[in-house]
Each structure stands twice: as structure tokens, then as C-alpha cells.
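**Student:** Could you have a look at this structure, given as C-alpha cells, before my questions?
Just so it is clear, none of the values below were taken in a lab; they were calculated from the coordinates. Small disclaimer: the values here were computed from a predicted structure and weren't measured. Cβ coordinates were reconstructed from backbone atoms using ideal geometry, including for glycine residues, and neighbour counts include every protein chain displayed.
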């Protein structure tokens, strides 16, 4: 269900509330954060309930594997009733919280949501924060057995870099890919002296 446009202004809430919630989850992945925030929503009272509901909805969005120029995060229509000012306040709050996965998600959502409208000059800081945080998150989620979470975040950075003609972000993303491939190769060592494993 779409989140209703009401409740406490996000900017008035204490970042420590979010940090405490995130500490309960070992995996730094928004898909798990969403469940935690939903639990907070169900046990919260009054205005705080709407705050947690918004966090759960934003965290519950999925990064697209398809054409990111059309819908990089879906289903974004769940946030149709939320004002841009609230999403910007949420992005600001995520930066205060300091968790790279949450920064990437909240700042990217605000950036994407403002796309149909005229962005202000100051909005560029949010996409810059998002790209930096996506790369940090990709590194934290690195797992040779399941590369999908990292790949999704790197792919999003590459899409942003392409759309904004920002070669520095593209170079940073490709450098991270190279580093991760080197790390993976170092971890997958041959079972010496087994000839079938050597390379």
C-alpha cells in the first residue's frame, strides 16, 4: 500500500533511533532493513508510526535489473503520496545516520523522484552521496558465492554516471569491480597439491 502523506516531519527525528534499529540486522542490505523498520512501525505510537512506515517503504524498493533510465527503483509509485520535501528530509537523515546502504537508498530515491521536476542546484549533493554510498555498500556486501547484491549497486552507479556524464563515478565503479575480481581470485586458491584445482 502507498504510504500516506501525513505524520511527523522526518527531519525532527533522532538519527540514533535508526542506528539502533539497524544494529539488530547483521546484513547491511535494505531488503532486511525494511522488515526491521516495519516492526518498528507496528510497535510505534502516533507520529513515529508514519516515520517508520516511510522508512520501510523506501527500504523495501528494489533495484532494477532492467533499463534503469525508466525505473531504477521499483515500485516507486508506493511513494506517490509523499511530498518531495519529506523524501529530501529522509535523505538528510540517512546521511546523519551514516549507514552507506541507507544513504544510497534514501538519496537515490529523492534524486529519482525529482527527475520529472526541475532539480535545484543543491540536489546534486544527493546523487553524489548516493553513488559514493552505493560503492561502499557494494564493497560491504561483496560475497563470491552471491555477487548479485554488489553487482546491482555497481550497475546503478554506472547508470547514474552515464546519465549525468560523470566519468569519475564510472571510473570509481570500474575500479571497484577490478578490485573485487582480484580479491575473489585470491580467495579461490587451488587445493595444492591437487592437480585438478591448480591454475
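**Student:** Just order 24-37, 131-144 by mean Cβ neighbour count inside 10 Å, highest at the front, would you?
**Tutor:** Top of the packing list down: 131-144, 24-37.
**Student:** Related question: Over the stretch 10-187, calculate the relative contact order: mean separation of alpha carbon pairs under 8 Å at least 6 apart, over the residue count, as a percent.
**Tutor:** Averaging sequence separation for qualifying contacts and normalising by length gives 18 percent for the stretch 10-187.
**Student:** State, to one decimal in nm, how far the label point of residue 178 lies from the label point of residue 47, with both points 7 Å from Cα in the Cβ direction.
**Tutor:** Computed distance between label sites residue 178 and residue 47 equals 5.0 nm.
**Student:** Just the Kirkwood number for the stretch 48-157, please: inverse of mean 1/r across all distinct Cα pairs, in Å, one decimal.
**Tutor:** It works out to 14.2 Å.
**Student:** I'd like to compare 80-91, 104-115, 147-158: which one has the highest average count of other Cβ atoms within 10 Å, and what's the full order after that?
**Tutor:** 104-115, 147-158, 80-91
**Student:** Points 7 angstrom from Cα along the Cβ direction at residue 118 and residue 142: gap in nanometres?
**Tutor:** So the label points at residue 118 and residue 142 sit 4.4 nm apart.
**Student:** Right, something else. For residue 151 and residue 39, FRET efficiency with R0 = 45 Å and r from the beta-carbon atoms, rounded to 0.05?
**Tutor:** Numbers: r = 29 Å, r/R0 = 0.64.
About 0.95, to the nearest 0.05.
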